[in-house]
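Peer 1: Please find one structure pasted underneath; my questions will follow.
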Amino acid sequence: VCSMGNSTSRLYSALAKTLSSSAVSQHQDCLEQPDSAQLDPIDPKDLLEECQIVLQKRPPRIQRDFVDLKKNAASNHRPIRVMQWNILAQALGEGKDNFVQCPMEALKWEERKCLILEEILAYKPDILCLQEVDHYFDTFEPLLSRLGYQCTFFPKPWSPCLDVEQNNGPDGCALFFLKDRFELINSANIRLTAMKLKTNQVAIAQTLKCKETGRLFCIAVTHLKARTGWERFRSAQGCDLLQNLKSITQGAKIPLIICGDFNAEPTEEVYREFSNSSLNLNSAYKLLSPDGQSEPPYTTWKIRPSGECRHTLDYIWYSQHALNVNSALGLLTEEQIGPNRLPSFNYPSDHLSLVCDFSFNQDPDRLM
């Protein structure tokens, strides 16, 4: 067990105060827990130090650099940093996903949660969109609320985590935004449909008001159906999500950012639906390519019993005429990922985090 320092660990005490609220079965519907708002704020530097103490026997965090994508003069307001990440549900990582090159020791939750928190704290997102969250009530909600985030969780109706012995409840999507930067105007929890049937996949869409500029925008997070053979199903889910977002954004009058693990390569129909939508969306990470038209070669890279899997599945879509992408976080190289791929002792998920800095278009007449 790693030493937590001379005094009682701030991280440990923060978690210990909330363990009694981890009975997820009592919180199926989704929203904020009032108790956490009563807890004392945490200094992010203190929490980061505690995470680093827990992780001192692991390799250091892999360094990634932001790529400057600004085409115009600097904006007169702070950019909005959005982070998208499938963090890998703990129950699935330990019980179902069969990462054959990843030692079970690397998946220990007490350390892996600190790797996840370290990544979040390193990039300091204003808005955080997560998938496969199965430790919302005992880890992410209590800690991130004390860091100043407003927190929302929407679990899958039939989460595969529940099939795993000693699970921590269902996994789902979670959305967090800094309360000092944004005001919540509207929140919708969406259970996606396909062929008029309700499915096991969900989304959260929130309309926020930027306190600095007074501008409204919508942020959405989703996680579509996985696996080969379900392409038409994902396409139907994507159409349903787009229809919901058209209504929420009043036909694209409100700028939109959509984060998600779509479980779909750019060759799939659901990708084309988002590219060609009347919401006028673009995929932010295309801007890292030389021509600005190509997605990254991968956002997930793992080895399972069936072989090596390297795919581009994760995206940050945005209203391309209302919003500018100022910068994007570069992906890990193959050398950084290493021969055993992900997850690993120094990276906690099989998916890479995506981070973009957005600014509003300065022309108020160009709503799109």
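Peer 1: Is it the case, given these coordinates, that Glu165 is open to solvent by 20 Å² or more (accessible area, probe 1.4 Å), outside any helix (DSSP H, G or I) and either modelled with pLDDT of 95 or more or closer than 23 Å to Trp301 by Cβ (or both)?
Peer 2: no
Peer 1: Another question, if that's okay. What are the residues in the stretch 302-317 that are open to solvent by 10 Å² or more (accessible area, probe 1.4 Å) and either touching a residue at least 12 places away in the same chain (Cβ under 8 Å) or within 23 Å of Pro255 (Cα to Cα) (or both), if any?
Peer 2: Matches in the stretch 302-317: Lys302, Ile303, Arg304, Pro305, Glu308, Arg310, His311, Leu313.
Peer 1: Among the residues that make up the stretch 185-193, is at least one of them more than 21 Å from the chain's Cα centre (by Cα), touching a residue at least 12 places away in the same chain (Cβ under 8 Å) and farther than 28 Å from His77 by Cα?
Peer 2: Yes, because at least one residue in the stretch 185-193 is more than 21 Å from the chain's Cα centre (by Cα), touching a residue at least 12 places away in the same chain (Cβ under 8 Å) and farther than 28 Å from His77 by Cα.
Peer 1: If a residue must be open to solvent by less than 40 Å² (accessible area, probe 1.4 Å) and under 22 Å from His311 (Cα atoms), how many such residues does the stretch 92-121 contain?
Peer 2: Selection size over the stretch 92-121: 8.
Peer 1: Exactly one of these conditions fails for Ile219: (1) modelled with pLDDT of 95 or more; (2) out of contact with any helix residue (DSSP H, G or I) (no Cβ under 8 Å at 6 or more places or on another chain); (3) farther than 23 Å from Leu323 by Cβ. Give me its number.
Peer 2: (3)
Peer 1: For the stretch 174-217, how many residues meet the condition of being open to solvent by 50 Å² or more (accessible area, probe 1.4 Å), part of a strand (DSSP E or B) and farther than 21 Å from Pro155 by Cβ?
Peer 2: Residues flagged as open to solvent by 50 Å² or more (accessible area, probe 1.4 Å), part of a strand (DSSP E or B) and farther than 21 Å from Pro155 by Cβ within the stretch 174-217 amount to 4.
Peer 1: Considering only residues that are in a helix (DSSP H, G or I) and either more than 13 Å from Leu175 (Cα to Cα) or among the hydroxyl-bearing types (Ser, Thr, Tyr) (or both), which ones fall in the stretch 138-157?
Peer 2: Selection gives Asp138, Thr139, Pro142, Leu143, Ser145, Arg146.
Peer 1: Of the residues Leu115, Leu69, which single one is of a type in the set (A, V, I, L, M, F, W, C) and under 17 Å from the mean Cα position of the chain (by Cα)?
Peer 2: Exactly one residue qualifies, and that residue is Leu115.
Peer 1: Spot the failing condition for Phe154; the list is (1) crowded, with 21+ Cβ neighbours inside 10 Å; (2) aromatic (Phe, Trp, Tyr); (3) more than 21 Å from Asp314 (Cα to Cα), and only one is missed.
Peer 2: Of the numbered conditions (1) crowded, with 21+ Cβ neighbours inside 10 Å; (2) aromatic (Phe, Trp, Tyr); (3) more than 21 Å from Asp314 (Cα to Cα), the odd one out for Phe154 is (3).
Peer 1: Quick check on my filter: what residues within the stretch 227-241 are surrounded by fewer than 19 Cβ atoms within 10 Å (Cβ to Cβ) and under 18 Å from Asn280 (Cβ atoms)?
Peer 2: Cys239, the sole residue that qualifies.
Peer 1: Right, next: Which is within 21 Å of the chain's Cα centre (by Cα), surrounded by fewer than 18 Cβ atoms within 10 Å (Cβ to Cβ) and more than 30 Å from Leu162 (Cα to Cα), of Ser275, Ser283, Ser247?
Peer 2: Of the residues listed, the single one that is within 21 Å of the chain's Cα centre (by Cα), surrounded by fewer than 18 Cβ atoms within 10 Å (Cβ to Cβ) and more than 30 Å from Leu162 (Cα to Cα) is Ser275.
Peer 1: Name the one entry in Cys129, Cys151 that is under 18 Å from Asp43 (Cα atoms) and modelled with pLDDT of 95 or more.
Peer 2: Cys151
Peer 1: Just for the stretch 37-80: of the residues that are touching a strand residue (DSSP E or B) at 6+ places or on another chain (Cβ under 8 Å), open to solvent by 50 Å² or more (accessible area, probe 1.4 Å) and charged (D, E, K, R), which one is modelled with the lowest pLDDT?
Peer 2: Lys71
Peer 1: Exactly one condition in (1) open to solvent by 20 Å² or more (accessible area, probe 1.4 Å); (2) farther than 22 Å from Phe233 by Cα; (3) touching a residue at least 24 places away in the same chain (Cβ under 8 Å) is not met by Glu268; state its number.
Peer 2: For Glu268, the exception is condition (2).
Peer 1: If Phe345 passes every condition in (1) open to solvent by 50 Å² or more (accessible area, probe 1.4 Å); (2) in contact with a helix residue (DSSP H, G or I) (Cβ under 9 Å, 6 or more places away or on another chain); (3) farther than 30 Å from Cys51 by Cβ but one, which one does it miss?
Peer 2: That leaves (3) as the condition not met.
The values are calculated or read from the model by the stated rules, or taken from the named source; none is laboratory data. All values reported here derive from a predicted model rather than from experimental measurement. Note that we place each Cβ from the backbone using ideal geometry, even for glycine, and neighbour counts take in every protein chain shown. Note: areas computed on protein heavy atoms with side chains; ligands, DNA, RNA excluded. Shrake-Rupley method; radii C 1.70, N 1.55, O 1.52, S 1.80 Å.
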